[in-house]
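First comes the structure, then the notes that go with it.
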Amino acid sequence: LHIKGLPYTTKWLDLVDIPPEMKKLGIASREVWDGNLNYTVPSIFDPNTKRAVTDSFEIAKYLDAEYPATTPIVPPGTRALQAAMTARINEMMFGIWPITLPHIFATLGERDVEYFRASREKWFSKKFEDIAPTGEKHEEAVKGFERALGEVGGWIDAGGPGAMLLGGDTPNHSDTEFASLLIFVIKVEAEGSVLRKTLANADNGRWVRYIDVGFSEWTKRTT
Ligand SMILES: N[C@@H](CCC(=O)N[C@@H](CS)C(=O)NCC(=O)O)C(=O)O
């Protein structure tokens with residue numbers, strides 16, 4: 001919405017309020033992440049068309065179609081490619097997600113604590129305290145993250161000399177997914193943590209520049 005310059009207001013939700021709010025908008029239950037979730041954010045309600053749309057890729061495609069005079073997020077011919085890129089970015093996210101779970105847990109509001117513990121224990125079939133990897137498994141996950149950063153860097157470089165973003169000069173949907181992952185790591189991990197250090201130092205600091213150059217304008221807004 002920022003990239004397109006479309007005005008909006010945000011309704012922040014506790015996790016436990018996501019299903020009832022989505023139902024209220026008329027969004028159907030669906031199987032997300034192997035059926036571990038049925039309702040997710042982001043979702044939008046467009047007062048112009050009275051339509052509710054869930055899933056970030058679907059939202060991006062909807063906005064491109066409904067507001068064709070705005071910057072396209074999924075330009076023609078890039079759907080398949082962006083589906084592949086976002087699948088890899090999600091895989092990258094799931095590689096480090098177990099490390100971040102205890103830190104997410106520490107930020108939760110009181111109403112979400114019980115839900116978060118129970119849902120993640122079911123998801124991983126493990127006691128919550130045993131989900132985050134330790135020792136070699138932790139190191140492997142961090143190395144995988146570093147490798148994946150390099151991989152995404154290679155995709156950007158394949159865009160030609162001077163390319164800063166996956167979308168070239170303007171962010172595309174894959175950039176928003178990737179930047180969200182990086183910003184998530186920065187917000188949820190403590191400064192000086194292995195993941196934060198990896199992110200800051202990998203590929204000669206290119207990811208700090210990526211967020212600054214590509215996304216700082218949009219990440220300032222928190223409401
Ligand atoms: N493919 C979906 C994934 C959305 C998703 O997983 N959202 C998470 C938060 S980032 C969520 O809504 N979680 C709800 C919960 O954990 O109950 C998208 O791109 O929108």
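Quick notes on this one:
- Restricting the range 169-219 to residues that are in a loop (DSSP other than H, G, I, E, B) and within 30 Å of residue 79 (Cβ to Cβ), the residue that is modelled with the highest pLDDT is 172.
- Scanning the range 123-138 for residues that are in a helix (DSSP H, G or I) and hydroxyl-bearing (Ser, Thr, Tyr) turns up nothing.
- Looking across the range 176-222 at every residue that is farther than 21 Å from residue 166 by Cβ and either in contact with a Ser or Thr (Cβ under 7 Å, 6 or more places away or on another chain) or among the β-branched types (Val, Ile, Thr) (or both), the one that is surrounded by the fewest Cβ atoms within 10 Å (Cβ to Cβ) is identified as 222.
- Here residue 68 meets each of (1) assigned to a helix (DSSP H, G or I); (2) open to solvent by 60 Å² or more (accessible area, probe 1.4 Å) with one exception, condition (1).
- Residues of the range 38-51 classified as more than 20 Å from residue 69 (Cα to Cα), of a type outside the set (Ser, Thr, Tyr) and without any contact (Cβ under 8 Å) to a residue 24 or more places away in the chain, total: 2
- Filter result for residue 159 (within 23 Å of residue 81 (Cα to Cα) and part of a loop (DSSP other than H, G, I, E, B)): yes
- Only residues that are in a loop (DSSP other than H, G, I, E, B), more than 12 Å from the ligand (Cβ to nearest atom) and open to solvent by less than 40 Å² (accessible area, probe 1.4 Å) were counted in the range 1-57, giving 4.
- Annotation for the range 193-205: at least one member residue is of a type outside the set (Lys, Arg) and under 20 Å from residue 108 (Cα atoms).
- Inter-residue pairs, beta-carbon under 7 Å, first in contact (Cβ under 8 Å) with a residue 12 or more places away in the chain and in a helix (DSSP H, G or I) and in the range 80-94, second among the small types (Gly, Ala, Ser) and within 13 Å of the ligand (Cβ to nearest atom), 6+ apart: 82/174; 85/174; 86/174; 89/174
- Residues satisfying the stated conditions in the range 71-115, i.e. over 30 Å from residue 128 (Cα atoms), within 13 Å of the ligand (Cβ to nearest atom) and surrounded by fewer than 16 Cβ atoms within 10 Å (Cβ to Cβ): 83
- Odd one out for residue 152 among (1) buried (at least 16 other Cβ atoms within 10 Å of the Cβ); (2) away from the ligand (no atom under 16 Å from the Cβ); (3) within 26 Å of residue 102 (Cα to Cα): (3)
The values are calculated or read from the model by the stated rules, or taken from the named source; none is laboratory data. A quick note: this is a predicted structure, and the numbers were derived from the prediction, not measured. Here the Cβ is made from the backbone with ideal geometry for all residues, glycine too, and neighbour counts use every protein chain on show. In case anyone asks, the SASA skips ligands and DNA or RNA and just uses the protein heavy atoms, side chains included. Shrake-Rupley method; radii C 1.70, N 1.55, O 1.52, S 1.80 Å.
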